[in-house]
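First up is the structure itself, then whatever we jot down about it.
Readers should treat all values here as calculations from the given coordinates under stated rules, not as data from a laboratory. Bear in mind the structure is a predicted one, so any value in this text is a computation, not a measurement. Every residue, glycine among them, receives a Cβ derived from its backbone with ideal geometry; neighbour counts consider all protein chains shown.
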């Protein structure tokens, strides 16, 4: 009897799911708080939207090229993918190290920020939130990609509802200031702001977030045509940047107020005085949810890479129990490091890790990747 296909195996899985997974993993940490949107766009005021457009186009291009290369060469874990890009040069081994470091860094930063925010907004002890998050991420990786797909799809719906609610509240109370910012071309928060600097920030932000791309590799298994990878790449870029623009326009309602733009959690600063306790509590839930989604996606990509390596040497894949154990070890290790000063270390090494991703992933993708796609397409 033919196995019954689910809703996720149809057009939803081919076109929408890759972008949903990428958006779910991307929107953790500084993205969800609004801090990164300020740093990589909103600080430029009336011309900050240029950063958002550059980021969106970058995400679309990288997503499409990545999905197409995976589809053509059937490389569903990042080790096999990097082998295609590197050829005889073992860049996959360096990528392994950089990816694991980045994974720990991202989870540590998010855990530190999220624990504090959940405590402020929901009144829960930080340890309660931490234990809950570890348990949920371990369960998701125990059951694997089928549960992850469904969890992160529901999460995206809930998160978008939250962002739309936050944006409506903030913009309703501050649209006059936003109109003034655009009418006067205000860029006063940054000295010598220019179109070029805004454009460069958008490109940098896209490049810095390449670490999230491997989280969606497993979703490409359903794609069989270039149409699937092209359309899903465009959708991915849109899903990843719509919350960016919602945050940007909300910040413009307070531009150039340093109490908002200089705040570590701009969203909380914007909602103070204009949102009730229920909405603030909703923000706390959203922040906790983003940590779960980001941690799940990043660790699942590592598990896929380990499983691919095991199969390559003729061994069985990890059992569900071992997948859960690896997940808990990664989370507990990152959470421990977040308490012993890794945040200060990150401030020094984060930029270096980001540029390592540009060198190891982006440049090979735009050169070797494009060449291999063309060659494979000609021979097909």
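Things worth noting here:
- Annotation: the residues 336, 217, sorted from fewest to most other C-beta atoms within 10 Å of their own C-beta, follow the order 336, 217.
- A straight chain from residue 158 to residue 97 at 0.36 nm per residue would run longer than the Cα-Cα distance by 18.6 nm.
- 0 to 90° range, to nearest 10: angle between helix 17-26 axis and the chain longest Cα axis: 50
- Förster radius 22 Å - calculated FRET efficiency between residue 370 and residue 74 (Cβ-Cβ, nearest 0.05): 0.75
- Cβ crowding within 10 Å ranks 221, 172, 83 as 172, 221, 83, fewest other Cβ atoms first.
- GNM on the chain, alpha-carbon springs under 10 angstrom: the most fluctuating residue among 201, 188, 24 is 188.
- The simple Förster model, with R0 at 56 Å and r as the Cβ-Cβ distance, assigns residue 146 and residue 191 a FRET efficiency of 0.65.
- Cα long-axis angle, helix 91-122 against the chain (0 to 90 degrees, to the nearest 10): 40
- Between the Cα long axis of helix 145-184 and the first principal axis of the chain there is an angle of about 30°, rounded to the nearest 10.
- Among 184, 66, 75, the order by Cβ neighbours within 10 angstrom, fewest to most, reads 184, 75, 66.
- Only DSSP H runs of four or more residues enter the estimate; each adds -39500 (n - 2.57), and after division by the residues of the chain the mean residue ellipticity at 222 nm equals -24500 deg cm²/dmol.
- Geometric descriptor of region 133-196, per residue, is 174 Å³ (volume of the convex hull of the Cα atoms).
- Once the Cα-Cα distance is subtracted from the 0.36 nm per residue extended length, the residue 128 to residue 379 segment shows a gain of 84.8 nm.
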